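The values are calculated or read from the model by the stated rules, or taken from the named source; none is laboratory data. Quantities reported herein were computed from a predicted structural model and do not represent experimental measurements. Cβ: placed from backbone, ideal geometry, glycine included. Neighbour counts: every protein chain shown. Side chains included, ligands, DNA and RNA excluded: accessible areas come from the protein's heavy atoms. Shrake-Rupley method; radii C 1.70, N 1.55, O 1.52, S 1.80 Å.
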Amino acid sequence: MIIIDGQKSDFNITNFTNLDELLIGLMSMKHLDNRIVTDVLVNDEAFSEIYPHQAEDVDCRDIQKVEIKTMGVPEMGVNIARELYKVIRLMSEGSKQVADLFRRADDAEALEMYQDLLDVTRDFLAMIGALRDEFALSANPQFEDAINDLSELFTEMLEVQENEDWILLSDLLEYEFHPLVERWKSIVAQLREDVRKSIREG
């Protein structure tokens with residue numbers, strides 16, 4: 001049985017060899033154009049790839065039920081733009097805490113928190129990139145400059161980390177990273193408006 005967004009599909013699992021083939025087949029359906037898969041459940045258990053193309057290794061003979069949940073691209077855009085505010089707050093608060101821990105020579109805890117901060121920043125850049133590509137938002141020069149500045153600083157921070165210069169890293173976090181993250185607040189507000197406008201016009 002195949003269920004898409006709560007509706008039983010006419011597709012039959014036995015028509016496919018593996019899960020990868022099945023998902024590609026489902027996403028080629030006309031009514032799923034302009035939609036993004038948010039969840040895949042196989043035999044009522046959430047499925048996400050631990051390694052690339054893992055879905056190819058899932059034999060359809062072992063599958064009784066597949067359920068996929070999707071979201072429209074515009075709706076996804078609005079959700080991402082809303083989430084960006086929370087991410088900015090995490091980055092802003094995190095950078096100050098990590099800088100403070102490094103200055104107190106609490107390197108073990110600082111490095112653990114710093115790794116979390118890098119992961120959040122990486123996710124933030126990925127979300128911004130997805131919005132820019134989907135909604136053609138690159139016309140905003142302030143937006144482009146802020147992306148470039150954050151990407152460059154991110155690279156510099158990684159280099160400083162490799163040299164284990166924790167005082168320089170704490171200075172970068174407090175005096176460059178934190179103000180740059182704060183600058184993103186107004187950009188994200190504009191971004192949300194651009195996404196809404198794009199949806200209205202689309």
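A few notes on this one:
- Residues of the chain: accessible area per residue with a 1.4 Å probe, Å²: 58
- Acute angle (nearest 10 degrees) that the helix 73-103 long axis makes with the longest principal axis of the chain, alpha-carbon atoms: 30
- Charge dipole (debye, nearest 20) of the stretch 1-138; +1 at Cβ of Lys and Arg, -1 at Cβ of Asp and Glu: 620
- Subtracting the Cα-Cα distance of Glu193 and Ile3 from their residue separation scaled by 0.36 nm leaves 65.0 nm.
- Ile63 long-range amide H proximity, modeled H, under 5 Å: none
- Taken as Cα centroids, the stretch 152-202 and the stretch 1-38 sit 38 Å apart, rounded to the nearest whole angstrom.
- Over the stretch 22-122, the alpha carbon radius of gyration divided by the compact-protein estimate 2.2 N^0.38 Å works out to 1.56.
- Lysine pair count for the chain with Cα-Cα distance under 17 Å and sequence separation of 8 or more or different chains is 7.
- Degrees between helix 178-201 axis and first principal axis of the chain (Cα, 0 to 90, nearest 10): 30
- Percent accessible area from carbon and sulfur atoms, the chain, protein chains only, probe 1.4 Å: 48
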